[in-house]
Each structure stands twice: as structure tokens, then as C-alpha cells.
Amino acid sequence: MTKNVLLVVLMLLLPGPSTARAGAGAQCRAMCQQTYFDTLLAQCPICSRDVVNARTACLGGLSGAFQACTGACLPFPGRCTLTHECVDACRTARLVQRARCERRFNHQLRVACDVSLPCLVAASQARRDCRKSCRGGTPLTTTTTTTVLPAALVRGCPQDTQRQCVFQVAARCYGQCDDRCQGDSIALKICRRGCRDAVCGLLRGACTFNDRAQSAPYRKLCDACGDCAAELDQAVACEVTTTSTSVSTSSTNTTSTSTSTTSTTLR
């Protein structure tokens, strides 16, 4: 009975025909753009090679810049508005930079290559033909997939004992992130990190293999399932910080406030 339920859940998670068709269309359009560049490089390599390489280098830096931008977005446990806005700002910056790369490419191509060259005409025609074929759609081939369940699931073990432990501890905060991040997977990931940071000491004690009483349920399950870990995995890592603010002295002339930030580690 359990196997049948798991199979039904896995089937529901598989993308439907419309989702698969949309994904295929996006892949097709990306191939059409590459077709344009391939035709350029094949038919007029002398004037187009450096320009195409410059575009590739320009676009190549976008991923690292975007990751650095989102990496600076602060996590707030269970709250996602500010994080979501920060991630959206990073996306906007990426779009602006991408547009600059494309404008620079088009300008440099016009300067380097005579617009009347047959190779430019051929490249544009190849891209149009490709896009036309994408709009026409390609029949999807139907294949039968047999899902093999992991042995751990068959014997009642989760796929990742530690991840399940972390989820159980942070479930309420995780749920708040799910409700407030508006389907933004990047903001959700940051929000969930904030949830783990808020209870990091507890997670390190309860969801790692150690001799503390609080880890007994985790040790029992992971020992039976064979996936015990002495440290939190990178996917569920966290940082413990405790910030306290107190008023230390007060007089008729001045008031001083001291703020201390300490890191808490397990011993």
C-alpha cells in the first residue's frame, strides 16, 4: 500500500504535457539563437569571431554577479518581503546588464561587418527559419518510465534523515517562508536559511550524530537507515549568532549603549 501511494505521488510530480511543451519551446528558441551565431562564425568568421567572443564574455559574467547580488540579500526567518524585493532587484540588474551586452554586440557587429554581407543575411534567415519551426511545434514522443524507488523508502527510511530532522525542527518557520515568498525559489532558499540560523544551536544538537540526549531520535533513525552525519550538510547548514543590546550607564549628560555580538558553538 505504501509503495502504491509513493508511486502516485511521484507521478503527480512529473511535468504534464503543457509544461513539457513549454520547456521544449524555450529550449528550441535558445537553439535558434545559437544557430544565428553558428551561421555567422561559419560564413564570416573574420569579422564576427571577436565580436561573438566579446558577447560571450559579457554574458558569462552575469551569473557570478547575480549570485553575488543575491548572496548579499539578508535572511529573515519566516519573513520574505524584504528578501523577495532584494532578489527582484538583482534580477532587474541582471536584465539591464544583459541588454547592455546585446546592444554592445549589435553595435560592434555593425562596425566590424558590412551589414550587406551575405553571411549576416544568411544568419538572420537561419534564425527566422528556426523560430518558425519552434512555433509550429514538434510532436512530443511519449515514453514509459518505470520509477525505481530507493531502497531506503521501501524499508520506511526517508531519502535524507538529516534533512527530515531539520525540516521537523524548522517546519513552522519554513511554512511561513512558503506562504510569503510568492513562489520565488531563490528568496525561499534565503528565507529558509534564516529559519535555520534562528535555531542553529538546536539543529546542530538534534540533527547530527553526537552524544547529546536531544539527538537520540535522529541517531536511532539514521543508524537504522545508514546515513548518519556528524555535521550538518551544506544544504541545511546554518550559522549561530546571538546579538544583545543593553543600556550600561546613564547620567544627566550622556547615555551610553553597548551592543555585543557573539558566536555560539556546540561543545
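The values are calculated or read from the model by the stated rules, or taken from the named source; none is laboratory data. Since the model is a prediction, treat every value here as computed from it, not as a measurement. Here the Cβ is made from the backbone with ideal geometry for all residues, glycine too, and neighbour counts use every protein chain on show.
What to note about this one:
- Residues (among the small types (Gly, Ala, Ser) and within 25 Å of Asp88 (Cα to Cα)) located in region 167-222: Gly175, Gly183, Ser185, Ala187, Gly194, Ala198
- Residues located in region 224-239, provided they are within 27 Å of the chain's Cα centre (by Cα) and in a loop (DSSP other than H, G, I, E, B): Asp227, Cys228, Ala229, Ala230, Glu231, Leu232, Asp233, Ala237, Cys238, Glu239
- The residues in region 172-223 that are outside any helix (DSSP H, G or I) and closer than 18 Å to Ala237 by Cβ can be counted, and the count is 5.
- On the stretch given as region 22-62, residues that are under 22 Å from the mean Cα position of the chain (by Cα) and either within 30 Å of Ala170 (Cα to Cα) or assigned to a loop (DSSP other than H, G, I, E, B) (or both) total 0.
- Residue in region 44-64 that is surrounded by 15 or more Cβ atoms within 10 Å (Cβ to Cβ), of a type in the set (Lys, Arg) and under 23 Å from Gln108 (Cα atoms) present: yes
- Complete set of residues in region 177-188 that are out of contact with any helix residue (DSSP H, G or I) (no Cβ under 6 Å at 6 or more places or on another chain) and either crowded, with 17+ Cβ neighbours inside 10 Å or assigned by TED's automatic domain parsing to the domain that holds Cys80 (or both): Arg180
- The one condition in (1) out of contact with any His (no Cβ under 8 Å at 6 or more places or on another chain); (2) closer than 15 Å to Pro77 by Cα that Cys222 fails to fulfil: (2)
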